[in-house]
Amino acid sequence: MKKLKTTIGLEIHAQLKTRAKMFCSCSNLSKKAKSNSKVCAVCLGYPGALPAINEKAVKKVIRAGKALDCEIADFSRFDRKNYFYPDLPKGYQISQHEFPLCKNGKLKINGKEIGINRIHLEEDTGSLIHEGGVSLIDFNRSGVPLMELVTEPDISSGREAKEFAEELRLILRYLDVSDADMEKGQMRVEVNISLAEDGEDLGTKVEIKNLNSFKVVEQAVDYEIKRQTEVLESGGEISQETRGWREGSQKTVSQRAKEEAHDYRYFPEPDLPPLDLSKAPFKKEEITLGSELPQNRRERFKKEYKIEEELFITDKSLGDYFEKVVSEGLDWLKTKEKELGKEEREELISLCCNYILSDLQGLLEGSSVESDDFKTTPENFAELIVLLHTEEISSKIAKRVLKEMFKTGGDPSQIIEEQDLKQVKDEGKLEKIIEEVMSENKQAVEDFKSGKEEAKQFLIGQVMAKTRGKADPGAVNKIISNKFN
């Protein structure tokens, strides 16, 4: 059999971050509320209840479209997508079919350009809850504004599909378009996948619905490639269908035959006017991104700080905190030094980066620097780094002070003063302490005399222990070395 070509397209839904729902004034929930408590006649689909377009939702989709190099429509329209399902109270969904808000965009993933066919706006459905042998419906989610992005079939692997979805989520978060939390159902991924022999355009399309994590996106695509390959290589045929992912068996399973667009009987929504964006209350040209995009930040951090740390990109608030610490730290140093050389600047940046990524992350234990409980200001963190950089405290003391700062929100200089943690540099004091250590560890002294370098490190360690980490390690090293020269 000829080599098979994999073709993948994604359909990604993201709930928009607005105060109200898409077509009514009910709250667009960000927190769990009592079931069916945030509903009205419009989102429950009562006869005669008329929808009204949420302008902020339209603006957010346009902002996302601009970030993804899309063409923004002058004319758009809402349509009725007709199908019956228990969580769809009207018996149809208000969506966009023929005239989406955005089209013909692109997003680069690892240098490869993935085309974006369209981005349109619609309303979400209610939520089905299955428990105790019955199915219940919560309509709080019904009518929540939902952005749907459809890619071109340019993706060729599970990893690529996952990376596209991850980068899109980052962009939506940077733009404040959506929180896109997959665990909360705010972002859902569907995959269309087909395998065809080289030379053929496309094989039979299979859709995998409701993938709720990036890991599952990759796993489901990889499994489906394997499954379809085995079917085709054994002489079988692929059925056009919708499949779902089963976490327990790590397999996709058939759910139903795949619907075509004509099955939904689209027609223009009669209760909503068409959108003439050239005459809208707002000008689409004036809708700006309002934020640096993730890829721009990657490039800037690499150029400005000489670092390629992805956590500062994926956790925007941590990246912002890092930049504030660096800025404050450089200002602190400028008050201590008349001139700040390139090497010194890079060393300070490196210290800031390392302490945020290691020590601070360890203290945070998965929480955020935006949390109300987080007390360590960028100014105080920067002061601590400068004290370490200028060797006024040792690394061991810096870690100890940071823990106290994290706990109390205290000023590092004050903590050092109150706990008597300032670094001991006085050679007379250090000489006396070193003599005591050598007297208590005569075997280590003899070992060092015989050329065992590790014995010297042991002696330095003993001095540091005796001074509770306050001794200047460089000065201790120099004094001990001089004693045996």
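At-a-glance table
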item	result
Mean separation of Cα contacts under 8 Å (6+ apart) over length of the chain, as relative contact order %	13 percent
Amide H contacts of Ala20 (H built 1.01 Å from N, under 5 Å, at least 5 apart or other chain)	Asn28
Order of Cys26, Cys40, Cys352, Cys102 - criterion: other Cβ atoms within 10 Å of each residue's Cβ, fewest first	Cys40, Cys26, Cys102, Cys352
Förster radius 41 Å - calculated FRET efficiency between Lys334 and Asp179 (Cβ-Cβ, nearest 0.05)	0.60
Lys5 long-range amide H proximity, modeled H, under 5 Å	Ala196, Glu197, Asp198
Violating pairs (Cα-Cα greater than 21 angstrom) within the set Lys324/Lys422; Lys66/Lys284; Lys17/Lys205	Lys324/Lys422; Lys17/Lys205
Leading residue at positive end of dipole, the chain (Cβ point charges), from Cys353, Gly65, Pro100	Pro100
Cβ charges +1 (Lys, Arg) and -1 (Asp, Glu), total dipole of the chain, debye	620 debye
Percent antiparallel among DSSP beta bridges (both partners in the range 4-286, rounded to 5)	95 percent
Ascending count of other beta-carbon atoms within 10 Å, so fewest first, for His13, His130	His130, His13
The range 294-418 - Kirkwood radius from inverse mean 1/r over Cα pairs (Å)	14.8 Å
Where no second cysteine Cβ lies under 4.7 Å, the cysteines concerned in the chain	Cys24, Cys26, Cys40, Cys43, Cys352, Cys353
Under the Karplus curve 6.51 cos²θ - 1.76 cosθ + 1.60, θ = phi - 60°, whole-Hz ³J(HN,Hα) for the range 291-301, x wherever Gly or Pro sits	7, 5, 7, x, 5, 5, 5, 4, 5, 5, 4
Cβ crowding within 10 Å averaged over residues, with 407-414, 116-123 ranked highest first	116-123, 407-414
Leading residue at positive end of dipole, the range 427-483 (Cβ point charges), from Asn482, Phe458, Ile433	Ile433
Nonlocal amide H pairs with Tyr266, under 5 Å, H built at 1.01 Å	Asn82
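Each value in this text was obtained by applying a stated rule to the coordinates, not by laboratory testing. Note that the structure is predicted; figures quoted are calculated from it, not measured. Don't worry about glycine lacking a Cβ; one is built from the backbone with ideal geometry, like all the others, and counts go over all protein chains shown.
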